[in-house]
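Data block below; observations after.
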Amino acid sequence: FLTAEDACGGTMRGSSGIISSPNFPNEYHNNADCTWTIVAEPGDTISLIFTDFQMEEKYDYLEIEGSEPPTIGLSGMNIPPPVISNKNWLRLHFVTDSNHRYRGFSAHYQG
């Protein structure tokens, strides 16, 4: 049983939108484990542009699949460069440990 506060992730469709860590712009929860899948029209690619990024270096991270290189691991306090998918999907996996919480991330995607 998940409360709305714990629920995170899901499938995002449509040509554009915003994905943020739980609770953003406040601190994310400890022990979060969220997966979002962005699905665009067949033949389209997806651009993911970060507008905010702040996580505990190494211990809390965002992993992105579906781009070049095939898996990107992001952590720390710097806003990452845009990520471009190589097919019509991107998967984001956000994981946090049991201490130190930061603001997390927010990103805008477009197909």
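The values are calculated or read from the model by the stated rules, or taken from the named source; none is laboratory data. What you are looking at is a predicted structure, and each value in this text was computed from that prediction instead of being measured. A quick note on method: Cβ atoms are made from the backbone with ideal geometry, for glycine too, and the neighbour counts reach across all protein chains shown. Surface accessibility is based on the protein's heavy atoms, side chains included, excluding ligands, DNA and RNA. Shrake-Rupley method; radii C 1.70, N 1.55, O 1.52, S 1.80 Å.
What are the residue pairs meeting all of these: first residue in the range 94-111, first residue in contact (Cβ under 8 Å) with a residue 60 or more places away in the chain, second residue among the acidic types (D, E) and open to solvent by 70 Å² or more (accessible area, probe 1.4 Å), Cβ atoms under 7 Å, and 6 or more apart or on different chains?
V95/D33; R101/E27; Y102/E27; R103/E27; G111/E41
Could you grab me the full set of residues in the range 76-105 that are of a type in the set (S, T, N, Q) and surrounded by fewer than 17 Cβ atoms within 10 Å (Cβ to Cβ)?
Within the range 76-105, N78, N86, N88, S98, N99 qualify.
Just to be sure I understand, how many residues within the range 55-70 are crowded, with 20+ Cβ neighbours inside 10 Å and over 9 Å from L90 (Cα atoms)?
3
Taking the options S15, S20, name whichever one is at pLDDT below 95 and polar (S, T, N, Q). Walk me through how you get there before you give the answer.
Numbers: S20 fails: at pLDDT below 95.
Sole residue among the options that is at pLDDT below 95 and polar (S, T, N, Q): S15.
Given the structure, is T11 assigned to a strand (DSSP E or B), of a type in the set (S, T, Y) and under 25 Å from H100 (Cβ atoms)? Before the answer, list the steps.
Values: assigned to a strand (DSSP E or B): yes; of a type in the set (S, T, Y): yes; under 25 Å from H100 (Cβ atoms): no.
In short, no.
If I filter the range 16-47 down to residues being aromatic (F, W, Y) and not in a strand (DSSP E or B), which single residue comes out as farthest from H108 (Cα to Cα)? Step through it out loud before you land on a result.
Of all residues in the range 16-47, those aromatic (F, W, Y) come to 24, 28, 36.
Restricting the remaining residues to those that are not in a strand (DSSP E or B) gives 24, 28.
On the way: F24: 14, Y28: 18 Å.
Among those that are aromatic (F, W, Y) and not in a strand (DSSP E or B), it is Y28.
Among the listed residues C8, C34, identify the single one that is on the phi < 0 side of the Ramachandran plot, in contact with a His (Cβ under 9 Å, 6 or more places away or on another chain), modelled with pLDDT under 95 and surrounded by 11 or more Cβ atoms within 10 Å (Cβ to Cβ). Before the answer, list the steps.
Values: C34 fails: modelled with pLDDT under 95.
Being on the phi < 0 side of the Ramachandran plot, in contact with a His (Cβ under 9 Å, 6 or more places away or on another chain), modelled with pLDDT under 95 and surrounded by 11 or more Cβ atoms within 10 Å (Cβ to Cβ) holds for just one of C8, C34, which is C8.
Could you list all residues from the range 53-73 that are more than 23 Å from R13 (Cβ to Cβ) and in contact (Cβ under 8 Å) with a residue 24 or more places away in the chain?
F53, Q54, M55, E56, Y59, D60, Y61
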